[in-house]
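Encoded as structure tokens, the structure appears first; notes follow it.
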Amino acid sequence: MSAATAACIFCTSLAVGVCALSAEFPRLSYDVLAEAAVQDLNPEYCWFHPRTAAIPGAGKDGKPVVIMTLLKHLAADDHYSGLYVSRTDDLGQTWSAPVAVPELAWRNAADAITVAVIDPTPGWHAASGKLLVIGAKILYSESGDYAGLAKQPRSYETSYATFDVASNRWSGWRELELPDTENKFYRAGCGASQWLIEPDGTLLVPIHFQPKQGGDYQATVLHCSLTVPRCAIWVTVRNCRSKADAVSQNHQSRNSRGSIT
């Protein structure tokens, strides 16, 4: 069979599949409007990292509630506030003003160090009935500097929090407990990442990590089982320095197990 014949067969099969799908699921009419959910001009900060997730059936007339998480970018470079939340109960026709979540505010550490969580990404986790937010813990000095604290132990970690819609309450931030945090996973964070939910409710959470000796960051996927407030995590390490390496090194994966508290 020639390449051209194979391509024609493939294209024909694809076209038939698309037609079958079109017949099974009729097209819906819709409009796309670009409207501002939050408008705020302030010399002290600007709003950053707005991301949304829908909670099925929790809004008006059985519609979903859509939660937007966002942060204030402050004066220093990459200096972010605690987490703020805006929501809509009518599919975006109206949005509430952003409100700070006390449970997800900055935390104070020793030596005037502030613990923050940046780059959060929310998503609905149906198996637990919770809205899950995953981000990256970072340390700030009083001036908002983070680079000077990068060598401190566990200065960059994967953090998560949950929201219970029935009680309208947030948990506090928790950090993933990874193995070998004194060496291999000295700095390991999931920031601004699109984590996925498997059909069985487990999570695939991409992170990048750097060993204690420094050097290039590497990539890994965490296979997480979420049970609130405790979970177990399976770590599949793929040393990926490029897209090509990510494909070629899949067979070299190594597994280890840790826990989340």
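Nothing in this text is a laboratory measurement; each read-out follows from the coordinates by a stated rule. What you see is a predicted model, and the numbers here were worked out from it, not measured in a lab. As a convention, Cβ positions derive from the backbone with ideal geometry for all residues, glycine included, and neighbour counts pool all protein chains shown.
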Return the long-range amide H neighbours of residue 191 (sequence gap of 5 or more, or a different chain), with a cut-off of under 5 Å between placed amide H atoms.
208
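Treat the count of other C-beta atoms within 10 Å as a stand-in for reagent exposure and order 180, 216 from fewest to most. Please list the in-between numbers first.
On the way: 180 15, 216 9.
So the residues, fewest neighbours to most, are 216, 180.
Assuming 0.36 nm per residue, please report the length gained on full extension of the stretch residue 77 to residue 204 beyond their Cα-Cα distance. Could the numbers behind the result be given before it?
Values: separation 127, 0.36 × 127 = 45.72 nm, distance 3.02 nm.
Gain in length upon complete extension: 42.7 nm.
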J(HN,Hα) series, region 87-100, from Karplus relation 6.51 cos²θ - 1.76 cosθ + 1.60, nearest Hz, glycine and proline x:
8, 10, 9, 10, 6, x, 5, 9, 10, 6, 5, x, 10, 5
The residues 190, 46, sorted from fewest to most surrounding Cβ atoms within 10 Å, come out as 46, 190
If R0 is 30 Å, what FRET efficiency do you get for residue 63 and residue 108 from their C-beta distance, rounded to 0.05?
0.15
Chymotrypsin sites (Phe, Trp or Tyr not before Pro) restricted to region 25-77 and DSSP loop, no more than 12 other C-beta within 10 Å
30
Whole-angstrom gap from region 87-136 to region 178-221, using each part's C-alpha centre
20
By how many nm would the segment from residue 90 to residue 48 grow when fully extended, if each residue of separation counts as 0.36 nm and the alpha-carbon distance is taken off?
12.8 nm
